[in-house]
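Below you'll find the structure, written out as structure tokens, and then a few comments.
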Amino acid sequence: MKGIQMDLISSDKLERLSSVEKIRMILDSVEDGKIIVLERGLTPQEETKLIEATMTKITPGEFAGIEIESYPGAVHQSWFDKLRKKPVDRARLTVIGPADQLKMLKRDRDVISAMVSAR
Amino acid sequence: MGIIKKIRKNLSSAFNKIFKRGKLHRIGIYGPPNAGKTTLANRIVRDFTGDVVGSVSDIPHETRRAHRREGVTIESNGSSITLDIVDTPGLATKIDFQDFMAKGLSEDESRRRAKEATEGVIEAVRWLEDLEGVILVMDATEDPFTQVNVTVIGNMEARNLPLLIVANKIDLDDSMPSRIKSAFPQHPMVPISALTGDNIDVMYDKIAEHFG
Ligand SMILES: Nc1nc2c(ncn2[C@@H]2O[C@H](COP(=O)(O)OP(=O)(O)OP(=O)(O)O)[C@@H](O)[C@H]2O)c(=O)[nH]1
Ligand SMILES: [Mg+2]
């Protein structure tokens with residue numbers, strides 16, 4: 001069967017991985033042309049690390065980077081949470097794929113609509 | 001502003017001043033490529049010091065190195081605040097050299113620009129850790145739900161640092177600043193045109209209010 005591989009990673013699995021392992025897993029898969037769906041989103045720090053790592057992998061004509069989309073984080077953070085520096089809850093679905101194969105069509109607070117194409 | 005909100009704000013800003021702020025007030029101008037960050041940085045710096053920060057272009061990734069302008073004193077409503085303004089390269093998760101060719105650059109130039117753009121993004125991301133606040137510039141004609149916006153906002157929230165969202169390009173007919181407000185309702189937002197200067201004074205008030 002021809003097609004595009006899609007890996008759906010559970011939050012249990014994600015919880016067991018370190019940040020470095022998560023980012024490596026994501027980039028290795030995406031470079032192979034896979035679409036990754038994470039049950040639980042990355043932390044903001046992991047997101048910036050992923051952007052950095054992606055930039056080092058971009059090679060004109062070969063790899064153009066990633067498309068990544070998640071829902072925005074929790075809206076509600078009380079001032080008490082802020083004082084305690086409680087991290088914002090990021091437990092939301094994230095989809096990641098090669099920039100030349102995954103196109104976001106429409107997103108809003110609750111729905112992500114994407115198109116996947118073969119290489 | 002309600003009295004409770006005011007007390008909270010004063011408390012948390014007093015808290016910030018005592019425990020971590022010190023004298024540094026470095027504010028980064030962030031956003032996706034082409035949002036108008038350099039146009040805005042130039043306007044701020046021109047309004048208060050008479051200089052410019054960097055070059056502006058309709059080709060994305062014009063800024064590929066961060067530029068810091070030290071000690072810009074912004075005055076609004078009788079109060080004033082002195083900030084270091086850092087204009088950063090546009091953040092992106094993808095950079096395709098063919099997009100530059102489509103803008104009329106040669107293949108060699110496009111490849112070089114793509115390479116420099118990736119370095120620029122890394123520089124912008126690294127600057128995030130050395131800032132005390134962020135002005136996040138969005139093009140109000142574009143979809144605000146992008147990973148870049150979510151990531152910048154998430155980082156500032158995680159570190160409990162002030163963030164001001166600027167909905168830029170409201171001079172354009174298809175701009176929808178209200179969409180930005182509803183996308184990120186938990187943060188202050190000000191609609192402006194960095195190009196024409198529309199509503200810029202309101203932005204200065206907000207800067208003094210949130211970064212002071
Ligand atoms: N109509 C309109 N155009 C604007 C406005 N602000 C900036 N622009 C235009 O948008 C384009 C990009 O502006 P820049 O200031 O270079 O954008 P930037 O965010 O610094 O872009 P990079 O450095 O590439 O990340 C230029 O053609 C500007 O003239 C605005 O308020 N209204
Ligand atoms: Mg610029």
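Taking region B:35-81 as the range and being within 14 Å of ligand 2 (Cβ to nearest atom) and acidic (Asp, Glu) as the test, the residues that pass are B:58, B:62. Between B:139, B:130, B:84, the distinction of being within 15 Å of the chain's Cα centre (by Cα) and within 14 Å of ligand 2 (Cβ to nearest atom) belongs to B:139 only.
The rows are residues; the columns are (1) in a helix (DSSP H, G or I); (2) out of contact with any helix residue (DSSP H, G or I) (no Cβ under 6 Å at 6 or more places or on another chain).
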{"residue": "B:112", "(1), (2)": "yes, yes"}
{"residue": "B:154", "(1), (2)": "yes, no"}
{"residue": "B:157", "(1), (2)": "yes, yes"}
{"residue": "B:164", "(1), (2)": "no, no"}
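Pairs are defined by a Cβ separation below 6 Å, a sequence spacing of at least 6 or placement on different chains, a first member in region B:109-127 that is more than 7 Å from chain A (Cβ to nearest Cβ), and a second member that is open to solvent by 30 Å² or more (accessible area, probe 1.4 Å) and not basic (Lys, Arg); the pairs so defined are B:110/B:101. Taking the criterion of being surrounded by 10 or more Cβ atoms within 10 Å (Cβ to Cβ) and in a strand (DSSP E or B), the residues of region A:96-114 that qualify are A:96, A:97, A:98, A:102, A:103, A:104, A:106, A:107, A:112, A:113, A:114.
Go through the residues of region B:133-145 one by one and say whether even a single one is at the interface with another protein chain (Cβ under 9 Å from one of its Cβ atoms), in a helix (DSSP H, G or I) and in contact with a Phe, Trp or Tyr (Cβ under 9 Å, 6 or more places away or on another chain).
Looking through region B:133-145, none of the residues is at the interface with another protein chain (Cβ under 9 Å from one of its Cβ atoms), in a helix (DSSP H, G or I) and in contact with a Phe, Trp or Tyr (Cβ under 9 Å, 6 or more places away or on another chain).
Every condition in (1) within 14 Å of chain A (Cβ to nearest Cβ); (2) within 14 Å of ligand 2 (Cβ to nearest atom); (3) out of contact with any Gly (no Cβ under 6 Å at 6 or more places or on another chain) is met by residue B:89 except one, and the failing one is (3). Checking each residue in region A:4-48 for being free of Cβ contacts under 8 Å to residues at least 40 places away in the same chain and of a type in the set (D, E, K, R) picks out A:7, A:12, A:13, A:15, A:16, A:21, A:22, A:24, A:28, A:32, A:46, A:47. Of the residues contained in region A:59-80, one or more are found to be open to solvent by less than 20 Å² (accessible area, probe 1.4 Å), modelled with pLDDT under 95 and farther than 23 Å from residue A:6 by Cα. Please indicate, with yes or no, whether at least one residue in region A:7-28 is within 13 Å of chain B (Cβ to nearest Cβ) and open to solvent by 60 Å² or more (accessible area, probe 1.4 Å). Among the residues of region A:7-28, not one is within 13 Å of chain B (Cβ to nearest Cβ) and open to solvent by 60 Å² or more (accessible area, probe 1.4 Å), which makes the answer no. Being over 21 Å from residue A:58 (Cβ atoms), touching a Leu at 6+ places or on another chain (Cβ under 8 Å), crowded, with 17+ Cβ neighbours inside 10 Å and in contact (Cβ under 8 Å) with a residue 40 or more places away in the chain is the requirement here; does residue B:135 meet it? Answer is yes for this residue. Within region B:27-54, the residues that satisfy the criterion of being at pLDDT below 95, outside any helix (DSSP H, G or I) and either within 9 Å of ligand 1 (Cβ to nearest atom) or surrounded by fewer than 20 Cβ atoms within 10 Å (Cβ to Cβ) (or both) are B:50, B:51, B:52, B:54.
Selection of region B:171-183 for residues being buried (at least 21 other Cβ atoms within 10 Å of the Cβ) and hydrophobic (A, V, I, L, M, F, W, C) yields B:180, B:183. Does residue A:51 count as in contact with a helix residue (DSSP H, G or I) (Cβ under 8 Å, 6 or more places away or on another chain), touching a residue at least 40 places away in the same chain (Cβ under 8 Å) and in a helix (DSSP H, G or I)? No.
Residue-by-condition table, conditions (1) in contact with a Lys or Arg (Cβ under 9 Å, 6 or more places away or on another chain); (2) crowded, with 19+ Cβ neighbours inside 10 Å; (3) of a type in the set (S, T, N, Q):
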residue: B:111; (1), (2), (3): no, no, no
residue: B:120; (1), (2), (3): yes, yes, no
residue: B:130; (1), (2), (3): yes, no, no
residue: B:141; (1), (2), (3): yes, no, yes
residue: B:205; (1), (2), (3): no, no, no
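A Cβ distance below 9 Å, combined with a sequence gap of six or more or placement on separate chains, defines the contacts here; from region B:74-102, residues that are closer than 23 Å to residue B:121 by Cα and away from ligand 1 (no atom under 16 Å from the Cβ) reach residues that are part of a loop (DSSP other than H, G, I, E, B) and open to solvent by 70 Å² or more (accessible area, probe 1.4 Å) in the pairs B:84/B:24.
The values are calculated or read from the model by the stated rules, or taken from the named source; none is laboratory data. This one's a predicted model, so the numbers in the text were calculated from it and none came from an experiment. We place every Cβ from the backbone using ideal geometry, glycine too, and count neighbours over all the protein chains shown. Surface areas here come from the heavy atoms of the whole protein model, side chains and all, with no ligands, DNA or RNA. Shrake-Rupley method; radii C 1.70, N 1.55, O 1.52, S 1.80 Å.
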